[in-house]
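Chemist: Structure provided below as structure tokens; questions to follow.
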Amino acid sequence: MPKIEFDQQCKDCKGTGLYAGMGERDGYAVQCYKCSGTGKYHFVHEYEEFTDRKTRNDVTKVIECNPGIMAGGNLNFGGMSYQEWLSGKKFEIGMEMREYTCPAWWYQTANYEKKPNWEECWGCGLFSSCKHFKNKQTCWERWDKEFSKEA
């Protein structure tokens, strides 16, 4: 297996061998745990050379991102089939997790540049606590009108 290996200055102690954090003051320091006080860190990275993308037999659906929702089962979490994804299909408008997220929630994770900055969203805290969340389909309709031209 190919390997990259070299000595480098320890990033944690900046090569001093000593570390002073929030628990050390008034001239105290601890010996750096990363380099054992040497100031030198020996970096080793073993890797498998890339030849081609491998396939998976345990995946049937692919979603663009997961904004923190347990996805699985027969529910509609958007996305596309694994075969479509494997063949190179790109994610399109309408493949978002629209039944469970609003546009601000989804695009905060999927593509922050497409996250709406609507006044109604300001200061709502949790997306699911937003007073408009129960009518999120209306927000998706607005997003489609405003952002679909850019997608």
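Values quoted throughout were computed directly from the atomic coordinates according to the rules given, and no laboratory measurement underlies them. Not measured: the values here are computed from a predicted model. Virtual Cβ from ideal backbone geometry, glycine too; neighbours counted across all protein chains shown.
Chemist: At each listed q (0.09, 0.13, 0.18, 0.19 Å⁻¹), what is the log10 of I(q)/I(0) that the Debye formula gives for the chain modelled as equal alpha-carbon point scatterers?
Modeler: Summing over Cα pairs of the chain leads to -0.59, -0.80, -0.97, -1.05.
Chemist: Which residue, 20, 71, 110, has the most motion in a Gaussian network model of the chain that connects Cα atoms within less than 10 Å?
Modeler: 20
Chemist: To test your reading of the geometry: what angle, between 0 and 90 degrees and rounded to tens, separates the Cα axis of helix 136-147 from the longest principal axis of the chain?
Modeler: Roughly 80 degrees, rounded to the nearest 10.
Chemist: Over the range 61-147, what is the relative contact order in percent, taking alpha-carbon pairs closer than 8 angstrom and at least six residues apart?
Modeler: Numbers: 84 pairs, mean separation 21.9, N = 87.
For the range 61-147, the relative contact order is 25 percent.
Chemist: Another question, then. Work out, step by step, the length gained on full extension between residue 74 and residue 29: first 0.36 nm times the residue separation, then minus their alpha carbon distance; give nm to one decimal.
Modeler: On the way: separation 45, 0.36 × 45 = 16.20 nm, distance 5.58 nm.
Full-extension gain reported as 10.6 nm.
Chemist: Taking the number of other C-beta atoms within 10 Å as the exposure measure, put 132, 42 in order starting with the fewest. Working shown, then result.
Modeler: Values: 132 15, 42 11.
The fewest-first ordering by Cβ neighbours comes to 42, 132.
Chemist: Could you list the chymotrypsin sites (Phe, Trp or Tyr not before Pro) in the range 72-151 that lie in coil according to DSSP, counting only those with at most 11 other Cβ atoms within 10 Å of their Cβ? All intermediate terms of the calculation are to be shown ahead of the outcome.
Modeler: On the way: sites: 77, 82, 85, 91, 100, 105, 106, 107, 112, 118, 122, 127, 133, 140, 143, 147; in loops: 77, 91, 100, 118, 122.
Those satisfying the criteria are 122.
Chemist: While we're here: Excluding residues on the same chain fewer than 8 positions from residue 40, give the aspartates and glutamates whose Cα lies under 20 Å from its Cα.
Modeler: Those aspartates and glutamates meeting the cut-off are 5, 7, 12.
Chemist: Next up: If contacts are Cα pairs under 8 angstrom and at least 6 residues apart, what is the relative contact order of the chain in percent? Don't skip to the answer; put the middle values down first.
Modeler: Working: 171 pairs, mean separation 24.3, N = 151.
Relative CO of the chain lands at 16 percent.
Chemist: Next question, about the same structure. When the chain is fully extended, how far beyond the present Cα-Cα distance does residue 118 get from residue 66, taking 0.36 nm per residue of separation?
Modeler: Using 0.36 nm per residue and subtracting the Cα-Cα distance, I get 16.5 nm.
Chemist: Taking the range 39-120, which trypsin sites (Lys or Arg not before Pro) meet the DSSP loop condition and have no more than 15 other C-beta atoms within 10 Å? Working shown, then result.
Modeler: Working: sites: 40, 53, 54, 56, 61, 89, 90, 98, 114; in loops: 53, 54, 56, 89, 90, 98.
Within the range 39-120, the qualifying trypsin sites (Lys or Arg not before Pro) (loop, at most 15 other Cβ atoms within 10 Å) are 53, 54, 56, 89, 90.
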